[in-house]
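Undergrad: Here it is: the structure, laid out below.
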């Protein structure tokens, strides 16, 4: 991996624009919650204490810290910060479009979002979080049993995955859902039939960012309950 790609990954991971320092260092600096990260002209990465670190190690450190905080007491909760009414609807639609596969992958039977809830939020104009809140209250919070929207505390609780046996993978999954919903301009709630569950779900996971060695175990765990073959698109005769 070259320096340019390393800088880009760090900037995207921490949601900031890397700053080029120019001469004489020719280094890039990236602001993180734990201080300034520096990528020198040779591509070496140093943390805020000036200690050289590997990219994967640095990303994993923050991931592990996030996991520890968010899975306390078996609750998986995220802030609504960064969302709009549109992106919250995206989140619901993304889940709706893969609900059958998500339920099978996680071994759950109850719907995460009901058909009535999905239709309700897609049949009215929603722009702001206040619009979304009004829609949720009008439709009924009980129609979305897998997610709790706490508008007073401005949080989202992903109840549908709290009993998943691997807490770290659970957080990785809902974190990817949450972040992806903020990036998409639009997401369709329509669920398409598939002859190859593994391939369809794996492709979707990759779109959510489950790429590389870091997510290898997560992909394996999330695909193990599904039928088909993750390597081939066509129908698999089992």
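Quick grid of which residues meet (1) more than 15 Å from the chain's Cα centre (by Cα); (2) modelled with pLDDT under 95; (3) under 27 Å from residue 212 (Cα atoms):
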position	(1), (2), (3)
65	yes, yes, yes
87	no, no, yes
95	no, no, yes
113	yes, no, no
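Undergrad: Test residue 107 against the criterion of being at pLDDT below 95 and under 15 Å from the mean Cα position of the chain (by Cα), and give yes or no.
TA: Here the answer is no, as residue 107 does not meet what is asked.
Undergrad: Right, residue 30: crowded, with 17+ Cβ neighbours inside 10 Å, assigned to a strand (DSSP E or B), in contact (Cβ under 8 Å) with a residue 24 or more places away in the chain and outside the structural domain of residue 82 (by TED's automatic domain parsing) or not?
TA: no
Undergrad: Any residue at all in region 211-232 that's farther than 23 Å from residue 164 by Cβ, at pLDDT 90 or above and exposed (fewer than 12 other Cβ atoms within 10 Å of the Cβ)?
TA: Scanning region 211-232, I find no residue that is farther than 23 Å from residue 164 by Cβ, at pLDDT 90 or above and exposed (fewer than 12 other Cβ atoms within 10 Å of the Cβ), so the answer is no.
Let's see how each residue does on (1) free of Cβ contacts under 8 Å to residues at least 12 places away in the same chain; (2) under 18 Å from residue 82 (Cα atoms); (3) within 14 Å of the chain's Cα centre (by Cα):
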| residue | (1), (2), (3) |
| --- | --- |
| 177 | no, yes, yes |
| 183 | yes, yes, yes |
| 189 | no, no, no |
| 196 | no, no, no |
| 200 | no, no, no |
| 204 | no, no, yes |
| 208 | no, yes, yes |
| 223 | no, no, no |
| 226 | no, no, no |
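The values are calculated or read from the model by the stated rules, or taken from the named source; none is laboratory data. Quantities reported herein were computed from a predicted structural model and do not represent experimental measurements. We place every Cβ from the backbone using ideal geometry, glycine too, and count neighbours over all the protein chains shown.
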